[in-house]
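Q: One structure coming up, written as structure tokens, with questions to follow.
FYI, it's all coordinate maths here, none of it is from the lab. Here the structure is a predicted model, which is why all the values come from computation and not from measurement. Positions of Cβ are backbone-derived with ideal geometry, glycine not excepted, and every protein chain shown enters the neighbour counts.
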Amino acid sequence: MFMKLIGIITSIVILNQATGIGAEQMKYFANIVKITLTQSETDSIAYMIYTDKVIGGENRIPYFSEDEWAEYIRKNMESKVKTRDTSKDLWEKSYEVIETDPVPGRDGIGFIVRSKGPDGSAETKDDVFSSYTYR
């Protein structure tokens, strides 16, 4: 996935050189690519937690500290780029795993995996998240 990001950003840089797109537009396009890839990662992390910890465990996520969640994600998510910390989003901020009631857009208690998105602030319109409810 990270290699795809590099390829897409390289294409955008070449497009910039050919068309004269400015720095702000480049940042905008790069963030669109990062948001798309981050959505894929939050989906994968949420699915991994749901199948491993909820279905295969106590029917709820365990209480883990931020560091414990980071280690769990790092251990279970492979990266083709060995220098990339998979417990962090593409803006280098840690993914958050939060139990919540209700889950946004759904009825009932469950959890979300959230990236704070490009602005780095939680609970803003650019957050990227995936969720599951307990059944």
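Q: Give, in nm to one decimal, the length gained when the segment between Phe64 and Glu99 is fully stretched (0.36 nm per residue of separation minus the Cα-Cα distance).
A: Here the answer is 11.5 nm.
Q: Same structure, new question: With a cut-off of at most 12 other beta carbons within 10 Å, and DSSP calling the residue loop, which chymotrypsin sites (Phe, Trp or Tyr not before Pro) in segment 41-135 qualify? Please list them.
A: Tyr63
Q: Additional query: Direction-averaged shadow area of the convex hull around the Cα atoms of segment 64-135, nm²?
A: With every direction weighted equally, the projected area is 5.4 nm².
Q: Enumerate the calculated ³J(HN,Hα) couplings along segment 93-99 in order (Karplus 6.51 cos²θ - 1.76 cosθ + 1.60, θ = phi - 60°), each rounded to whole Hz, writing x wherever the residue is Gly or Pro.
A: Listing the rounded values in order: 10, 5, 5, 10, 10, 9, 7 Hz.
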